[in-house]
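A short write-up of the structure that comes next.
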Amino acid sequence: MSSSLTLYAGKTAYHTIKQYGLQPDLFTTLVGASGGPKWFVLAGLDRYFCGDFFKDRTTPLDTLGSSAGAWRFSCYAQNDKLAAINRLIDGYANLSYPKKANKQQVTAQSEQLLQHVLGQNGVNEIINNPNISNHIIVARSKGLSRHENPVLQLGGLLASAMANARSRKRLSKHYQRIIFSQNQSTAPFDYNDGIDSKQVALSADNTYDALLATGAIPLLIGGVRDISGAGPGMYRDGGIIDYHFDQRFLTRPVTVDGNPSKEGLVLYPHFHHKFKPGWFDKYVKHRYSNQEYFDNVLVLSPSQQFVSSLPYHKIPDRTDFKTLSEQQRIDYFLQVVAESSRLAAEFDDLCQLAPEHLPVQLIG
(Lines give C-alpha, C1' and ligand atoms only; values in the text may rest on other atoms or scores of the structure.)
Protein backbone atom coordinates (compact mmCIF):
# COMPACT_ATOMS: atom_id res chain seq x y z
CA MET A 1 0.00 0.00 0.00
CA SER A 2 1.15 3.55 -0.70
CA SER A 3 2.87 5.14 2.26
CA SER A 4 1.92 8.74 1.45
CA LEU A 5 -1.41 8.53 -0.38
CA THR A 6 -4.57 6.72 0.68
CA LEU A 7 -7.49 5.84 -1.60
CA TYR A 8 -11.00 5.51 -0.17
CA ALA A 9 -13.99 4.64 -2.34
CA GLY A 10 -17.72 4.11 -2.04
CA LYS A 11 -19.03 0.71 -3.14
CA THR A 12 -19.85 1.64 -6.71
CA ALA A 13 -16.57 3.52 -7.16
CA TYR A 14 -14.64 0.67 -5.55
CA HIS A 15 -15.98 -1.98 -7.92
CA THR A 16 -15.62 0.27 -10.98
CA ILE A 17 -12.00 1.09 -10.18
CA LYS A 18 -11.19 -2.53 -9.42
CA GLN A 19 -12.50 -3.37 -12.89
CA TYR A 20 -11.20 -0.48 -15.00
CA GLY A 21 -8.38 1.11 -13.00
CA LEU A 22 -7.68 4.82 -12.69
CA GLN A 23 -8.59 6.03 -16.17
CA PRO A 24 -9.03 9.83 -16.43
CA ASP A 25 -12.24 9.58 -18.45
CA LEU A 26 -13.88 7.49 -15.71
CA PHE A 27 -14.20 10.67 -13.65
CA THR A 28 -16.80 13.19 -14.72
CA THR A 29 -17.06 15.21 -11.50
CA LEU A 30 -14.25 16.74 -9.45
CA VAL A 31 -14.98 18.03 -5.92
CA GLY A 32 -12.98 20.49 -3.84
CA ALA A 33 -13.66 21.46 -0.23
CA SER A 34 -13.17 24.63 1.77
CA GLY A 35 -10.38 24.68 4.30
CA GLY A 36 -8.08 27.63 3.71
CA PRO A 37 -4.39 26.65 3.40
CA LYS A 38 -5.12 23.00 4.20
CA TRP A 39 -5.22 22.49 0.42
CA PHE A 40 -1.45 23.02 0.15
CA VAL A 41 -1.11 19.34 1.02
CA LEU A 42 -2.98 18.65 -2.25
CA ALA A 43 -0.94 21.07 -4.37
CA GLY A 44 1.14 18.29 -5.91
CA LEU A 45 -2.01 16.48 -6.99
CA ASP A 46 -3.43 19.71 -8.44
CA ARG A 47 -0.27 20.20 -10.47
CA TYR A 48 -0.40 16.59 -11.66
CA PHE A 49 -4.08 16.81 -12.64
CA CYS A 50 -3.55 20.12 -14.48
CA GLY A 51 -0.29 19.12 -16.13
CA ASP A 52 -0.91 15.44 -16.91
CA PHE A 53 -4.05 13.61 -15.81
CA PHE A 54 -6.65 16.07 -17.18
CA LYS A 55 -4.34 18.06 -19.46
CA ASP A 56 -5.83 16.96 -22.77
CA ARG A 57 -9.37 16.38 -21.55
CA THR A 58 -11.88 16.26 -24.44
CA THR A 59 -14.90 14.88 -22.54
CA PRO A 60 -17.03 16.90 -20.08
CA LEU A 61 -15.75 17.38 -16.54
CA ASP A 62 -17.79 19.20 -13.90
CA THR A 63 -15.94 20.79 -11.01
CA LEU A 64 -17.76 21.57 -7.77
CA GLY A 65 -16.03 23.71 -5.18
CA SER A 66 -16.46 26.14 -2.34
CA SER A 67 -13.90 28.65 -1.12
CA ALA A 68 -10.37 27.28 -1.71
CA GLY A 69 -11.81 24.39 -3.74
CA ALA A 70 -13.49 26.82 -6.14
CA TRP A 71 -10.31 28.87 -6.51
CA ARG A 72 -8.34 25.73 -7.35
CA PHE A 73 -10.83 24.66 -9.98
CA SER A 74 -10.90 28.11 -11.58
CA CYS A 75 -7.34 27.21 -12.59
CA TYR A 76 -8.42 23.89 -14.13
CA ALA A 77 -10.78 25.73 -16.48
CA GLN A 78 -8.16 28.16 -17.79
CA ASN A 79 -6.35 27.39 -21.02
CA ASP A 80 -2.96 26.90 -19.35
CA LYS A 81 -4.11 24.95 -16.31
CA LEU A 82 -0.65 24.31 -14.91
CA ALA A 83 0.46 27.94 -15.13
CA ALA A 84 -2.76 29.02 -13.42
CA ILE A 85 -2.50 26.56 -10.53
CA ASN A 86 1.13 27.57 -10.05
CA ARG A 87 0.08 31.22 -9.82
CA LEU A 88 -2.40 30.28 -7.11
CA ILE A 89 0.07 28.13 -5.19
CA ASP A 90 2.87 30.68 -5.27
CA GLY A 91 0.64 33.69 -4.68
CA TYR A 92 -1.24 32.15 -1.75
CA ALA A 93 1.88 30.69 -0.11
CA ASN A 94 3.67 34.05 -0.27
CA LEU A 95 0.82 36.20 1.04
CA SER A 96 2.22 39.08 3.07
CA TYR A 97 0.17 41.21 5.45
CA PRO A 98 1.04 44.25 7.53
CA LYS A 99 1.31 43.53 11.23
CA LYS A 100 -2.15 43.56 12.81
CA ALA A 101 -3.72 43.83 9.37
CA ASN A 102 -7.35 44.94 9.39
CA LYS A 103 -10.20 43.47 7.34
CA GLN A 104 -9.78 46.03 4.55
CA GLN A 105 -6.11 45.12 4.14
CA VAL A 106 -6.80 41.37 4.15
CA THR A 107 -9.62 41.89 1.64
CA ALA A 108 -7.34 43.89 -0.64
CA GLN A 109 -4.77 41.07 -0.60
CA SER A 110 -7.46 38.55 -1.48
CA GLU A 111 -8.57 40.69 -4.41
CA GLN A 112 -4.99 41.08 -5.66
CA LEU A 113 -4.37 37.34 -5.41
CA LEU A 114 -7.49 36.46 -7.39
CA GLN A 115 -6.63 39.02 -10.07
CA HIS A 116 -3.16 37.45 -10.30
CA VAL A 117 -4.60 33.94 -10.61
CA LEU A 118 -7.09 34.90 -13.32
CA GLY A 119 -4.77 37.16 -15.29
CA GLN A 120 -6.16 39.11 -18.24
CA ASN A 121 -8.17 36.33 -19.87
CA GLY A 122 -8.98 33.86 -17.08
CA VAL A 123 -12.64 34.79 -16.74
CA ASN A 124 -13.33 34.42 -20.46
CA GLU A 125 -11.44 31.14 -20.56
CA ILE A 126 -13.48 29.78 -17.64
CA ILE A 127 -16.90 30.68 -19.02
CA ASN A 128 -16.04 29.50 -22.54
CA ASN A 129 -14.24 26.27 -21.67
CA PRO A 130 -15.84 23.57 -23.87
CA ASN A 131 -15.01 20.65 -21.57
CA ILE A 132 -14.52 21.81 -17.98
CA SER A 133 -17.53 23.40 -16.28
CA ASN A 134 -16.99 25.27 -13.00
CA HIS A 135 -19.71 25.21 -10.32
CA ILE A 136 -18.98 27.68 -7.51
CA ILE A 137 -20.79 27.65 -4.16
CA VAL A 138 -21.46 31.01 -2.50
CA ALA A 139 -23.53 31.86 0.60
CA ARG A 140 -25.90 34.81 0.35
CA SER A 141 -26.23 36.21 3.86
CA LYS A 142 -29.54 37.02 5.49
CA GLY A 143 -30.36 38.71 8.78
CA LEU A 144 -27.53 40.04 10.93
CA SER A 145 -24.90 38.07 9.04
CA ARG A 146 -25.40 40.33 6.01
CA HIS A 147 -23.85 43.29 7.84
CA GLU A 148 -20.19 44.28 7.64
CA ASN A 149 -20.30 45.76 11.13
CA PRO A 150 -18.34 43.15 13.13
CA VAL A 151 -20.61 43.24 16.16
CA LEU A 152 -23.76 42.70 14.09
CA GLN A 153 -22.08 40.09 11.89
CA LEU A 154 -20.80 38.19 14.91
CA GLY A 155 -24.32 38.17 16.29
CA GLY A 156 -25.52 36.71 13.00
CA LEU A 157 -22.82 34.04 13.07
CA LEU A 158 -23.71 33.01 16.61
CA ALA A 159 -27.39 32.80 15.68
CA SER A 160 -26.44 30.74 12.61
CA ALA A 161 -24.34 28.36 14.69
CA MET A 162 -27.15 27.79 17.16
CA ALA A 163 -29.67 27.20 14.38
CA ASN A 164 -27.30 24.79 12.63
CA ALA A 165 -26.72 22.87 15.84
CA ARG A 166 -30.41 21.99 15.85
CA SER A 167 -30.66 21.21 12.12
CA ARG A 168 -28.76 22.11 8.96
CA LYS A 169 -32.05 23.00 7.31
CA ARG A 170 -32.35 25.90 9.74
CA LEU A 171 -29.44 27.56 7.95
CA SER A 172 -32.02 28.72 5.39
CA LYS A 173 -33.09 31.41 7.85
CA HIS A 174 -29.59 32.86 7.71
CA TYR A 175 -28.19 31.99 4.27
CA GLN A 176 -29.15 31.08 0.74
CA ARG A 177 -26.95 28.69 -1.23
CA ILE A 178 -26.05 30.15 -4.63
CA ILE A 179 -24.55 27.81 -7.23
CA PHE A 180 -22.82 29.74 -9.99
CA SER A 181 -22.62 27.27 -12.89
CA GLN A 182 -20.87 27.47 -16.23
CA ASN A 183 -23.60 25.16 -17.49
CA GLN A 184 -26.82 25.58 -15.52
CA SER A 185 -28.25 22.25 -16.67
CA THR A 186 -25.49 20.13 -15.14
CA ALA A 187 -25.05 21.04 -11.47
CA PRO A 188 -23.12 17.97 -10.29
CA PHE A 189 -24.86 17.47 -6.95
CA ASP A 190 -28.37 17.15 -5.60
CA TYR A 191 -28.74 20.45 -3.77
CA ASN A 192 -32.42 19.92 -2.90
CA ASP A 193 -31.52 19.16 0.72
CA GLY A 194 -33.89 21.52 2.49
CA ILE A 195 -31.50 24.50 2.40
CA ASP A 196 -32.69 27.48 0.37
CA SER A 197 -30.78 27.26 -2.93
CA LYS A 198 -30.58 29.01 -6.29
CA GLN A 199 -28.59 28.29 -9.43
CA VAL A 200 -27.15 31.15 -11.46
CA ALA A 201 -25.31 31.14 -14.78
CA LEU A 202 -21.63 32.07 -14.68
CA SER A 203 -20.91 35.02 -16.94
CA ALA A 204 -18.25 37.56 -17.74
CA ASP A 205 -20.04 39.90 -15.32
CA ASN A 206 -20.09 37.63 -12.24
CA THR A 207 -17.28 35.05 -12.38
CA TYR A 208 -14.72 37.25 -10.61
CA ASP A 209 -17.23 38.34 -7.97
CA ALA A 210 -18.44 34.76 -7.39
CA LEU A 211 -14.87 33.57 -6.83
CA LEU A 212 -14.10 36.51 -4.58
CA ALA A 213 -17.26 35.89 -2.55
CA THR A 214 -16.73 32.15 -2.07
CA GLY A 215 -13.42 32.94 -0.37
CA ALA A 216 -14.80 35.77 1.78
CA ILE A 217 -14.30 34.33 5.28
CA PRO A 218 -16.74 35.94 7.73
CA LEU A 219 -15.25 38.73 9.88
CA LEU A 220 -11.83 38.38 8.19
CA ILE A 221 -12.60 39.31 4.56
CA GLY A 222 -15.26 41.68 3.31
CA GLY A 223 -18.29 40.22 1.59
CA VAL A 224 -19.28 40.96 -2.00
CA ARG A 225 -22.45 42.93 -2.67
CA ASP A 226 -25.07 42.49 -5.37
CA ILE A 227 -23.46 39.92 -7.67
CA SER A 228 -24.75 40.14 -11.23
CA GLY A 229 -27.44 37.58 -11.99
CA ALA A 230 -27.84 36.52 -8.35
CA GLY A 231 -29.77 39.52 -7.10
CA PRO A 232 -29.12 42.10 -4.40
CA GLY A 233 -27.52 41.04 -1.14
CA MET A 234 -24.27 40.29 0.64
CA TYR A 235 -22.37 37.21 -0.53
CA ARG A 236 -19.81 35.28 1.53
CA ASP A 237 -17.77 32.11 1.87
CA GLY A 238 -19.48 29.12 0.25
CA GLY A 239 -18.02 26.85 2.91
CA ILE A 240 -20.48 28.28 5.43
CA ILE A 241 -23.09 26.00 3.87
CA ASP A 242 -21.01 23.44 1.95
CA TYR A 243 -17.72 22.99 3.78
CA HIS A 244 -17.01 19.40 2.67
CA PHE A 245 -20.45 18.73 1.12
CA ASP A 246 -23.25 16.44 2.28
CA GLN A 247 -25.29 15.73 -0.84
CA ARG A 248 -25.47 13.03 -3.47
CA PHE A 249 -22.96 13.80 -6.20
CA LEU A 250 -24.15 13.51 -9.80
CA THR A 251 -22.08 12.29 -12.72
CA ARG A 252 -22.32 11.87 -16.49
CA PRO A 253 -22.39 8.65 -18.53
CA VAL A 254 -19.01 7.53 -19.80
CA THR A 255 -17.75 5.08 -22.37
CA VAL A 256 -15.34 2.53 -20.93
CA ASP A 257 -13.93 -0.34 -22.99
CA GLY A 258 -16.65 0.27 -25.58
CA ASN A 259 -19.46 0.29 -22.99
CA PRO A 260 -21.29 3.65 -23.34
CA SER A 261 -23.77 3.08 -20.54
CA LYS A 262 -21.38 3.24 -17.57
CA GLU A 263 -21.99 6.06 -15.08
CA GLY A 264 -18.96 8.18 -14.36
CA LEU A 265 -17.30 8.61 -10.97
CA VAL A 266 -16.46 11.50 -8.66
CA LEU A 267 -12.84 12.30 -7.85
CA TYR A 268 -12.43 14.06 -4.51
CA PRO A 269 -8.88 14.99 -3.46
CA HIS A 270 -9.19 15.91 0.21
CA PHE A 271 -6.87 16.70 3.07
CA HIS A 272 -8.55 14.09 5.30
CA HIS A 273 -10.86 11.10 4.91
CA LYS A 274 -13.52 12.54 7.25
CA PHE A 275 -16.06 15.08 6.03
CA LYS A 276 -18.04 17.83 7.77
CA PRO A 277 -21.13 19.10 5.90
CA GLY A 278 -20.89 22.81 6.71
CA TRP A 279 -18.55 25.29 8.38
CA PHE A 280 -20.51 25.37 11.64
CA ASP A 281 -20.46 21.56 11.82
CA LYS A 282 -16.83 21.75 12.94
CA TYR A 283 -18.39 22.46 16.33
CA VAL A 284 -21.04 19.72 16.12
CA LYS A 285 -18.95 16.71 17.06
CA HIS A 286 -21.44 14.03 16.07
CA ARG A 287 -22.28 15.42 12.62
CA TYR A 288 -20.47 14.10 9.57
CA SER A 289 -21.41 13.85 5.91
CA ASN A 290 -23.62 10.90 5.03
CA GLN A 291 -21.41 8.07 3.76
CA GLU A 292 -24.19 6.88 1.45
CA TYR A 293 -23.60 10.01 -0.64
CA PHE A 294 -20.05 8.83 -1.35
CA ASP A 295 -21.12 5.65 -3.15
CA ASN A 296 -19.70 6.84 -6.50
CA VAL A 297 -16.74 8.77 -5.03
CA LEU A 298 -13.00 8.10 -4.95
CA VAL A 299 -11.31 10.09 -2.18
CA LEU A 300 -7.58 10.77 -2.35
CA SER A 301 -6.04 11.90 0.94
CA PRO A 302 -2.61 12.06 2.55
CA SER A 303 -1.83 9.19 4.92
CA GLN A 304 -1.22 9.81 8.59
CA GLN A 305 2.35 8.70 7.99
CA PHE A 306 2.77 11.43 5.39
CA VAL A 307 1.18 14.11 7.61
CA SER A 308 3.43 13.13 10.51
CA SER A 309 6.48 13.63 8.30
CA LEU A 310 5.58 17.27 7.58
CA PRO A 311 6.97 20.23 9.51
CA TYR A 312 5.04 20.63 12.77
CA HIS A 313 3.58 17.15 12.05
CA LYS A 314 0.39 18.60 10.59
CA ILE A 315 -1.09 20.10 7.44
CA PRO A 316 -1.32 23.90 7.19
CA ASP A 317 -4.31 25.76 8.56
CA ARG A 318 -5.42 29.34 9.18
CA THR A 319 -3.94 29.42 12.68
CA ASP A 320 -0.50 29.43 11.05
CA PHE A 321 -1.08 33.07 10.10
CA LYS A 322 -1.16 33.87 13.84
CA THR A 323 1.21 31.39 15.44
CA LEU A 324 4.12 31.60 12.98
CA SER A 325 6.18 34.55 11.85
CA GLU A 326 5.56 35.54 8.25
CA GLN A 327 8.80 33.97 7.02
CA GLN A 328 8.22 30.79 9.05
CA ARG A 329 4.72 30.50 7.59
CA ILE A 330 5.86 31.05 4.00
CA ASP A 331 8.70 28.54 4.38
CA TYR A 332 6.32 26.03 5.94
CA PHE A 333 3.68 26.38 3.23
CA LEU A 334 6.25 26.06 0.46
CA GLN A 335 7.82 23.01 2.08
CA VAL A 336 4.41 21.31 2.33
CA VAL A 337 3.82 22.13 -1.34
CA ALA A 338 7.17 20.55 -2.23
CA GLU A 339 6.43 17.44 -0.15
CA SER A 340 2.98 17.13 -1.73
CA SER A 341 4.62 16.12 -4.99
CA ARG A 342 5.08 12.70 -3.36
CA LEU A 343 1.30 12.24 -3.43
CA ALA A 344 1.22 12.99 -7.14
CA ALA A 345 4.11 10.62 -7.86
CA GLU A 346 2.36 7.81 -5.99
CA PHE A 347 -0.93 8.45 -7.76
CA ASP A 348 0.87 8.34 -11.10
CA ASP A 349 2.40 4.99 -10.11
CA LEU A 350 -1.03 3.68 -9.16
CA CYS A 351 -2.40 4.67 -12.57
CA GLN A 352 0.01 2.15 -14.09
CA LEU A 353 -1.12 -0.73 -11.86
CA ALA A 354 -3.47 -3.48 -12.94
CA PRO A 355 -6.91 -2.61 -11.52
CA GLU A 356 -7.08 -5.66 -9.24
CA HIS A 357 -3.86 -4.57 -7.50
CA LEU A 358 -4.98 -1.05 -6.63
CA PRO A 359 -4.87 -0.43 -2.83
CA VAL A 360 -8.37 1.01 -2.56
CA GLN A 361 -10.20 0.91 0.78
CA LEU A 362 -13.96 1.02 1.12
CA ILE A 363 -15.34 4.12 2.83
CA GLY A 364 -16.86 3.30 6.18
5 angstrom amide H check on Val200, placed H, neighbours 5+ away: Ile179, Phe180, Ser181
For Lys262, residues with placed amide H under 5 Å, excluding near neighbours: Val254, Val256
Ordering of 348-354, 160-166 by packing [mean C-beta count within 10 Å, highest first]: 160-166, 348-354
Distance (nanometres) between label positions extended 7 Å along Cα→Cβ at Gln361 and Glu111: 4.5
Cα gyration tensor category, rounded, prolate or oblate, for region 77-212 with a/c compared to 1.5: oblate
Number of Lys pairs (Cα under 19 Å; 8 or more positions apart or on different chains) in region 159-315: 11
Size of charge dipole - region 126-257 - debye, nearest 20, with Cβ of Lys, Arg +1 and Asp, Glu -1, no other charges: 520
Net charge over other residues, Cβ less than 12 angstrom from the Cβ of Gln328 (K, R count +1; D, E count -1): -1
Peptides ranked, highest mean first, by Cβ atoms within 10 Å: ranges 306-314, 231-239, 27-35: 27-35, 231-239, 306-314
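Please work out the average accessible area per residue across the chain, using the 1.4 Å probe convention, and give it in Å². Walk me through the numbers on the way to the answer.
Working: 15060 Å² over 364 residues.
Result: 41 Å² of accessible area for each residue.
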Spin-label model distance (nm) - Leu353 vs Arg252, 7 Å beyond Cα toward Cβ: 2.9
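Let me check against my output: what whole-number percent is the relative contact order of the chain, with C-alpha pairs under 8 Å and at least 6 apart?
Working: 745 pairs, mean separation 109.2, N = 364.
Dividing the mean separation by the residue count of the chain yields 30 percent.
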Which of Asn94, Ser145, Ser301, positive extreme of dipole for the chain (C-beta unit charges): Ser145
Phi-based couplings in Hz for region 66-71 (Karplus 6.51, -1.76, 1.60; Gly and Pro marked x): 10, 6, 4, x, 5, 5
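Would you mind working out the magnitude of the charge dipole of region 1-157 relative to its Cα centre, with +1 at each Lys and Arg C-beta and -1 at each Asp and Glu C-beta, to the nearest 20 Debye?
Working: 15 positive and 10 negative charges, 115 e Å.
Rounded to the nearest 20 debye, it is 560 debye.
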Burial ranking of peptide ranges 53-61, 292-300, 321-329 (average Cβ count within 10 Å, highest at the top): 292-300, 53-61, 321-329
Most mobile listed residue (Ala68, Ala204, Ala344) in the chain, GNM with C-alpha springs under 10 Å: Ala204
Net charge over other residues, Cβ less than 13 angstrom from the Cβ of Ser341 (K, R count +1; D, E count -1): -4
Separation of the Lys100 and Gln19 label points, Cα + 7 Å toward Cβ, nm: 6.4
Given charges at Cβ of Lys, Arg, Asp, Glu: region 219-311 dipole, positive-most of His273, Gln247, Val284: Val284
DSSP-defined beta bridges in the chain - what % are antiparallel, rounded to 5: 45
Antiparallel content of DSSP bridges confined to region 130-289, in %, to 5: 75
Dipole of the chain [Lys/Arg +1, Asp/Glu -1 at C-beta], most positive-end residue of Pro24, Gln335, Ile136: Ile136
Rounded to 10°, Cα long-axis angle of helix 81-93 versus longest principal axis of the chain: 50
Charged-residue dipole, Cβ positions (Lys, Arg, Asp, Glu), region 80-144 about Cα centre, Debye nearest 20: 440
Overall form of region 280-364 per C-alpha gyration tensor (a/c, 1.5; a/b vs b/c): oblate
Separation of alpha-carbon centers, region 1-75 and region 169-226, rounded to whole Å: 22
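Go ahead and run the numbers for FRET between Lys282 and Val151, Cβ-Cβ distance against an R0 of 25 Å, rounding to 0.05. Kindly include the intermediate steps, with their values, before the conclusion.
Details: r = 23 Å, r/R0 = 0.91.
Computed FRET efficiency for Lys282 and Val151: 0.65.
The values are calculated or read from the model by the stated rules, or taken from the named source; none is laboratory data. This is a predicted model, so every value here is computed, not measured. With ideal geometry, Cβ positions are generated from the backbone for all residues, glycine too; neighbour counts draw on all protein chains shown. All accessible areas refer to the heavy atoms of the entire protein, side chains included, with ligands and DNA or RNA removed. Shrake-Rupley method; radii C 1.70, N 1.55, O 1.52, S 1.80 Å.
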